[in-house]
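The values are calculated or read from the model by the stated rules, or taken from the named source; none is laboratory data. In this text the structure is predicted, and so the values were computed from the model without any measurement. All Cβ positions, even for glycine, are placed from backbone atoms using ideal geometry, and neighbour counts span all protein chains on display.
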Amino acid sequence: MRKLVVILDPAHGRNTPGKCSPDGQHREYLWSRMLVDRVRIILQERGFCVQQTTMSINEPGLSVRKRAAEKIKGDLKLLVSLHNNAAGSDGKWHKATGFEVWTTVNVTNSDICADYFIEQLRKDFPKVACRLNSPGYLNKDKEANFTVLTGKGYMAVLVEWLFQDNKEDVVLLQSDEMNNRFAESICSAIEDIDVHFSRKQL
């Protein structure tokens with residue numbers, strides 16, 4: 001069994017307003033839960049203990065998610081929250097595209113984890129824009145105290161993968177091949193993170 005306990009955090013819920021493509025064909029909460037299932041299966045096959053912040057199809061509340069992650073047992077824990085981005089809340093299509101990786105404010109081990117995700121996604125998807133102004137976690141601009149990232153006792157990263165209000169991105173978000181590649185990429189980054197921190201504990 002791996003030392004790293006992985007906590008998967010699906011995005012939003014069926015009862016969360018918006019969070020879908022302008023035509024309603026893509027819904028973030030369904031996509032995220034599908035990806036969480038795929039990532040969980042891959043990680044378990046590779047020897048990871050995998051937990052989730054919620055098993056509900058509805059939104060339990062961000063504080064509930066954070067408390068659930070804090071209660072999970074493990075000396076080395078990583079929360080990974082999988083989301084889609086959006087350029088606006090006006091119900092219209094936009095042109096913004098790419099991915100972002102978020103951590104909390106200040107330099108922490110979560111920033112090191114974020115760099116592994118950024119590096120892996122750049123490698124596996126060279127044509128997908130990485131929406132970061134600076135390459136290293138020490139001066140990375142994608143930091144915010146999102147509730148689920150601020151819990152005690154675990155590292156945490158939030159990945160915003162493609163834009164649900166970009167027509168071309170929605171096509172990719174509905175592609176099984178693309179989703180399988182994304183799940184594999186996420187799992188590869190997690191494996192590298194496990195190796196990094198396991199070596200530090202030796």
Handout entry: Residue list for the range 120-131, filter: surrounded by 16 or more Cβ atoms within 10 Å (Cβ to Cβ) and out of contact with any strand residue (DSSP E or B) (no Cβ under 9 Å at 6 or more places or on another chain)
Key = Gln120
Exercise for the section: Would you tally the residues in the range 1-48 being in contact with a Cys (Cβ under 9 Å, 6 or more places away or on another chain), surrounded by 20 or more Cβ atoms within 10 Å (Cβ to Cβ) and part of a helix (DSSP H, G or I)? Expected result: 4
Practice task
Go through the range 152-195 and give me each residue that's more than 16 Å from the chain's Cα centre (by Cα), assigned to a helix (DSSP H, G or I) and either surrounded by fewer than 15 Cβ atoms within 10 Å (Cβ to Cβ) or free of Cβ contacts under 8 Å to residues at least 40 places away in the same chain (or both).
Solution key: Lys167, Glu168, Val171, Leu172, Asp176, Glu177, Val195
Handout entry: Residue satisfying all of: in the range 123-138; outside any loop (DSSP other than H, G, I, E, B) and at pLDDT below 95; nearest to the chain's Cα centre (by Cα) among these
Key = Cys130
Handout entry: Residues located in the range 1-51, provided they are closer than 21 Å to Val157 by Cα, of a type in the set (D, E, K, R) and in contact (Cβ under 8 Å) with a residue 24 or more places away in the chain
Key = Arg2, Lys3, Asp9, Lys19, Glu28, Arg33, Arg38, Arg40, Arg46
Practice task
Return only the number of the condition from (1) in contact with a His (Cβ under 9 Å, 6 or more places away or on another chain); (2) over 17 Å from Ser175 (Cβ atoms) that Gln52 does not satisfy.
Solution key: (1)
Problem - Cross-chain or 6+ apart pairs with Cβ under 7 Å, the range 83-95 first and in contact (Cβ under 8 Å) with a residue 24 or more places away in the chain and within 27 Å of Ala183 (Cα to Cα), then part of a loop (DSSP other than H, G, I, E, B) and of a type in the set (D, E, K, R) - result: Ala86/Asp165; Ala87/Asp165; Gly88/Asp165; Trp93/Asp165; His94/Asp165
Practice task
Among the candidates Phe146, Phe163, single out the residue that is modelled with pLDDT under 95 and under 20 Å from Pro10 (Cβ atoms).
Solution key: Phe146
Problem - Conditions (1) in contact with a helix residue (DSSP H, G or I) (Cβ under 7 Å, 6 or more places away or on another chain); (2) among the polar types (S, T, N, Q); (3) closer than 28 Å to Phe197 by Cβ: number failed by Thr97 - result: (3)
Problem - Top-ranked residue in the range 49-88 [being touching a helix residue (DSSP H, G or I) at 6+ places or on another chain (Cβ under 9 Å) and part of a helix (DSSP H, G or I); ranked as surrounded by the most Cβ atoms within 10 Å (Cβ to Cβ)] - result: Ala69
